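Report on the following structure.
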Amino acid sequence: MMIENKFEQLGLSNEVLKAIEDMGFSKPSQIQEEAIPVLLTGVDVIGQAQTGTGKTLAFGSVLLSKINPSNDKLPQAIILSPTRELAMQIHEEMNRIGKYNGSKITCVYGGSDIEKQIRTIKKGIDIVVGTPGRVMDLMRRKVLKLTNVKFVVLDEADEMLNMGFVEDIETILEKVDDSRQTILFSATMPAGIKKIAQNYMHDDFRHVAVLSKQTTATSVKQFYYEVRQKDRFETLCRLIDVANVKTGIIFCRTKRSVDEVTEQMQQANYNVEAMHGDLSQNHRMNTLRKFKKGTINFLIATDVAARGIDVENVTHVINYELPQDIESYVHRIGRTGRADKEGLAYSIITPKEKNFLRQIERVTKSTITKAVIPTLQEISEAKIGALVSDVEDVILAGNHKKFKQLVNEIDPTLLADFTAALLYMNYQDQLGYNYTRDKIQEASGNEGGKSKRNNKDFTRIFVTAGSMDRIKVPQVINFFVSKAGIKKEDIGEIDIKRKFTFIDIKKKVVNKVVKNCNKQKINNRKIEIEIANRK
């Protein structure tokens with residue numbers, strides 16, 4: 001059965017459609033479906049959508065459908081972007097979309113060899129992608145001439161305004177013929193954007209906004225830990241260790257916080273790098289390259305720096321500190337849960353930030369579930385579970401075979417000790433933070449803490465899944481809330497052991513839980529539930 005390609009209904013050129021098919025897309029995203037037909041009519045457009053919704057393909061497919069490669073050496077389109085990283089990503093995607101079009105596309109940005117960029121432009125170019133500063137520099141040198149430009153795209157326009165590029169943008173727009181099509185993409189609509197629209201776009205411009213259905217991705221599950229300020233860093237380490245995170249972004253409010261957390265984590269042997277505006281562009285690009293390859297597990301970033309990060313396989317976003325506004329929170333957690341994959345977002349808060357968190361919940365119409373700070377025992381079980389799983393993977397791959405002869409020569413009475421010692425050595429290597437206590441006391445005693453544990457209102461249940469099945473506290477809470485339709489307040493203490501888990505459930509809903517959750521799957525593990533005997 002042939003899969004219908006909905007891009008074919010939008011009016012794009014055959015060359016572009018062929019490239020989109022090669023990229024593996026058959027169904028446009030909401031911003032693509034709504035913006036492409038409007039953009040193709042030639043009117044000026046303000047497109048409002050979050051990062052990661054497919055904006056580059058929306059404007060890129062239109063530009064490459066309308067532009068015919070020219071013998072004239074002057075560019076026909078210019079795309080402006082706030083950061084070097086984002087400009088390079090747009091350039092890469094434009095090359096993919098233009099695979100069969102034959103257009104010559106170049107990328108220009110500061111911090112790299114300007115002479116090489118000058119030579120490329122002089123040979124002749126159809127589309128220029130660049131940062132405002134470098135574009136201005138090339139215009140001043142009379143290398144980049146915009147007299148032939150028919151399309152101007154301002155991507156992440158709100159961020160360009162935040163970074164102080166407004167005068168550069170205005171100077172560039174003034175040099176382009178008034179008959180051009182101006183396309184402006186922005187996640188938010190500050191006054192500066194409206195001013196640019198008023199002054200530099202035709203009166204019949206269209207505003208295409210994709211925000212409505214949900215403000216946050218449904219594929220991202222959100223949790224929070226409520227702690228004292230002094231326990232914030234240790235809580236971060238605990239949740240990373242228990243979740244066995246491979247690829248994550250940790251957000252801080254300020255560059256100073258980013259530097260402090262990076263230094264502390266590196267001292268504790270975590271594989272992390274900082275990402276903020278004060279670092280050189282070369283440093284940021286190298287860091288991003290390592291992160292994409294997976295040689296770095298975590299980026300620790302400010303909101304502005306993260307605008308240039310578009311990485312598919314981010315599994316976790318951690319708000320070490322909450323951002324200043326709700327829109328930034330939405331941007332942050334949108335870094336995970338891409339391409340229909342499930343993502344996890346954790347926020348570490350102090351009691352005084354609770355009201356702001358509730359406000360985020362209300363505005364974004366999402367649920368941010370309280371999570372219990374992992375104990376040292378849970379961390380230990382998670383690490384051992386991961387270690388045993390890694391050993392099993394090595395055996396399945398057959399990578400252990402060359403050592404079997406060596407093992408056969410070991411005294412059989414020492415074999416168990418020998419294996420245990422090797423596991424211990426590997427386990428020690430996995431521990432970063434120097435934990436000195438089993439538990440961190442939560443900052444709030446009212447919700448999910450000691451006050452509701454060991455209470456006569458609760459019944460303890462026994463579930464046949466544990467740390468060896470890679471289940472975590474947030475997953476357990478979400479499983480019962482979604483499958484049984486109970487509230488998170490109905491769940492008390494969760495005690496995850498290696499092969500099973502004990503959970504305290506309010507007596508009034510325990511029958512509902514057993515009825516709806518027994519023999520269901522959690523983390524692909526079919527479970528059985530029994531009422532446990534308290535000892």
Practice task
Could you list the residues of the range 149-170 with an amide nitrogen less than 11 Å from a label point located 7 Å from the Cα of Asn199 in the Cα-to-C-beta direction?
Solution key: 166-170
Problem - Label-point separation in nm, Lys292 to Asp113, each point 7 Å along Cα→Cβ - result: 2.0
Completion exercise
Amide H proximity to Leu154 below 5 Å, modelled H, separation 5+ or other chain, gives Leu80, Ile183, Leu184, Phe185
Fill in the blank from the handout: Reduced to Cα centres, the span from the range 116-179 to the range 252-314 in Å works out to 28
Problem - Per-q log10 I(q)/I(0), the range 6-209, q = 0.12, 0.13, 0.15, 0.17 Å⁻¹ (Debye; single scatterer per alpha-carbon; no solvent) - result: -0.54, -0.65, -0.88, -1.16
Handout entry: Charge dipole magnitude, Cβ of K and R +1, D and E -1 - the range 6-209, Cα centre, debye nearest 20
Key = 700
Exercise for the section: In vacuum, with every alpha carbon of the range 98-211 counted as one equal point scatterer, what does the Debye formula give for log10 I(q)/I(0) at q = 0.18 Å⁻¹? Two decimals, please. Expected result: -1.00
Problem - In the range 365-411, the GluC sites (Glu not before Pro) that fall in loop regions by DSSP, at most 10 other Cβ within 10 Å - result: Glu409
Fill in the blank from the handout: Candidate cut points under trypsin sites (Lys or Arg not before Pro) in the range 142-239, DSSP loop plus at most 11 other Cβ atoms within 10 Å of their own Cβ, are Lys142, Lys213
Fill in the blank from the handout: Taking a crude spin-label model, label points 7 Å out from Cα along the C-beta direction, the Asn518 to Tyr100 distance in nm is 5.8
Practice task
Take the range 454-510, compute every pairwise Cα distance, and split them into 5 Å bins from 0; I just need the percent in each bin.
Solution key: 4, 21, 31, 26, 14, 4, 0
Practice task
Once you have the Cα-Cα distance between Lys483 and Arg228, take 0.36 nm times their residue separation minus that, and quote the gain in nm to one decimal.
Solution key: 88.6 nm
Exercise for the section: Using Cα positions and a limit of under 17 Å, work out the lysines in reach of Lys142, with same-chain residues fewer than 8 apart set aside. Expected result: Lys73, Lys116, Lys122, Lys123, Lys175
Handout entry: Dimensionless Rg/Rh of the range 215-444 - Kirkwood Rh, Rg from C-alpha atoms
Key = 1.03
Problem - Difference of contour (0.36 nm per residue) and Cα-Cα distance, Ser219 to Gln9 - result: 72.8 nm
Completion exercise
The farthest towards the positive end of the charge dipole of the range 215-444, of the residues Ala382, Ala243, Val227, given +1 on Cβ of Lys and Arg and -1 on Cβ of Asp and Glu, is Val227
Problem - Relative contact order [Cα under 8 Å, 6+ residues apart], the range 6-209, whole percent - result: 29
Practice task
In Å³ and rounded to a whole number, note down the convex hull volume per residue for the Cα atoms of the chain.
Solution key: 198
Exercise for the section: List every DSSP H helix in the chain whose Cα atoms extend 30 Å or more along the helix's own long axis and whose mean Kyte-Doolittle hydropathy is at least -0.5. Expected result: 376-397
Problem - For the range 1-123: relative contact order, % (alpha-carbon pairs under 8 angstrom, 6 or more apart) - result: 28
Exercise for the section: Report, in deg cm²/dmol and to the nearest 500, the calculated mean residue ellipticity at 222 nm for the chain, where each DSSP H run with n ≥ 4 adds -39500 (n - 2.57) and the sum is divided by the residue count. Expected result: -12000 deg cm²/dmol
Problem - Extension reserve of the Asn355-Lys497 stretch, reckoned as 0.36 nm per residue once the Cα distance is removed - result: 47.7 nm
Completion exercise
Restricted to the chain, the DSSP antiparallel beta bridge percent, nearest 5, is 25
Practice task
Determine the relative contact order of the chain: mean sequence separation of Cα pairs under 8 Å and six or more apart, normalised by residue count, in whole percent.
Solution key: 13
Exercise for the section: With a cut-off of at most 15 other beta carbons within 10 Å, and DSSP calling the residue loop, which GluC sites (Glu not before Pro) in the range 285-365 qualify? Please list them. Expected result: Glu312, Glu342
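Where a number appears in this text, it was derived from the coordinates with a stated rule and is not lab data. All figures in this text were calculated on a predicted structure; none of them were measured in a lab. FYI the Cβ positions are ideal-geometry reconstructions off the backbone, even for glycines, and counts take in every protein chain you see.
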